[in-house]
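*Asks:* The structure under discussion is supplied below as structure tokens; questions concerning it will follow.
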Amino acid sequence: MSTVFKILKRVGIALVSLFIAAVICLLAWRILAAGDPSSMNPLVPNDRLADAYAESGNSLYMYRQEQRSITSGETNYGYFSITEYAIIPDANQVQTVIRYNNSTLKYTAADLGLSEIPPREAENYDFTLLVAIDLTPENKDDNLGNDPESVKFVRCHGTIGASDQKNMYNFRRMVFQLDDAGIDIKELKESGLLLAMYVDFYYIGNVNYDEPPMATLCLYDYISEDITVKLDGKDKKALAAYGK
């Protein structure tokens, strides 16, 4: 009886160990599968960014903050995520990497009553940067409201710098050039007028900026701490090669 018990015990331990190993492998696969493809790194250069890089002596200052990276509302839970981003004040620019799952397309079709699921190869979503500016810097109590006499919102349209797919995920690297919106984020921040920056997500066939977006994620708020983002080798190589 004791021999049978020992055998069963060993089998049980082996099964538990196998189960744990399988769970670890599955989690590792999910992490690797969700990781950004190489096309999303490096930064996408343009004239403004290349000039700022050269003027900085090849040591461009960039920053981000610890903000929620995945949409988590009742109607958009897990729809979109921002896997990385950099605010680049000397270039008056923000670059973000946006990721969404194929299931987001399925849920979008269900939410909006579309006749079919949008094809993943198409540009199905509108991504814009919304900047909140303090009109009454002497009064910090009204910063959280939407009173047009207290807070001004400026929307900046971006360009798609890179597009890719990886497993069930879709990726877009967006470049938001704030010159196009007529504002200077470095000047606004230094003067204490920059309250917040958000990425708004709209379905491309249902864009109405007077209505709330299907999802939004905050990149910056004036209370949170800035975290320096360093240029890596790929960034420097892309910037050095730009225009040559």
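*Asks:* Once Cα Rg over 2.2 N^0.38 Å is worked out from the coordinates, which option in (1) 1.27; (2) 1.03; (3) 3.00 does it equal?
*Replies:* Working out Cα Rg over 2.2 N^0.38 Å from the coordinates points to (1).
*Asks:* Which net charge results when you count Lys and Arg as +1 and Asp and Glu as -1 among the other residues whose beta-carbon is under 14 Å from that of residue 147?
*Replies:* Local charge sum for residue 147: -2.
*Asks:* Could you list 229, 131 in order of exposure, starting from the residue whose Cβ has the fewest other Cβ atoms within 10 Å? Could the numbers behind the result be given before it?
*Replies:* Numbers: 229 19, 131 23.
Lowest to highest Cβ neighbour count: 229, 131.
*Asks:* Take the residue pairs 186/230; 140/186; 152/234; 166/237; 189/230; 186/236 and return only those whose Cα atoms are more than 26 Å apart. Mind dumping the intermediate values first?
*Replies:* Values: 186/230 18 Å; 140/186 20 Å; 152/234 37 Å; 166/237 24 Å; 189/230 20 Å; 186/236 22 Å.
Exceeds cut-off: 152/234.
*Asks:* At a 10 Å Cβ-Cβ cut-off, how would you order 64, 120, fewest neighbours first? Walk me through the numbers before you get to the answer.
*Replies:* Details: 64 19, 120 15.
If I rank by nearby Cβ atoms, fewest first, I get 120, 64.
*Asks:* What FRET efficiency comes out for the pair residue 164/residue 236, r = Cβ-Cβ distance, R0 = 22 Å, nearest 0.05?
*Replies:* On the way: r = 22 Å, r/R0 = 0.98.
With a Förster radius of 22 Å, E is 0.55.
*Asks:* By average Cβ neighbour count within 10 Å, what is the ranking of 81-89, 233-241, 204-212 from highest down?
*Replies:* Details: 81-89: 21.1, 233-241: 14.6, 204-212: 10.6.
My ranking of the peptides, most packed first, is 81-89, 233-241, 204-212.
Any read-out appearing in this document is the output of simple, stated calculations on the displayed coordinates, not a laboratory observation. Remember, predicted model here, so these are calculated numbers, not experimental data. Every residue, glycine as well, gets a Cβ built from its backbone with ideal geometry; the counts of neighbours run over all protein chains shown.
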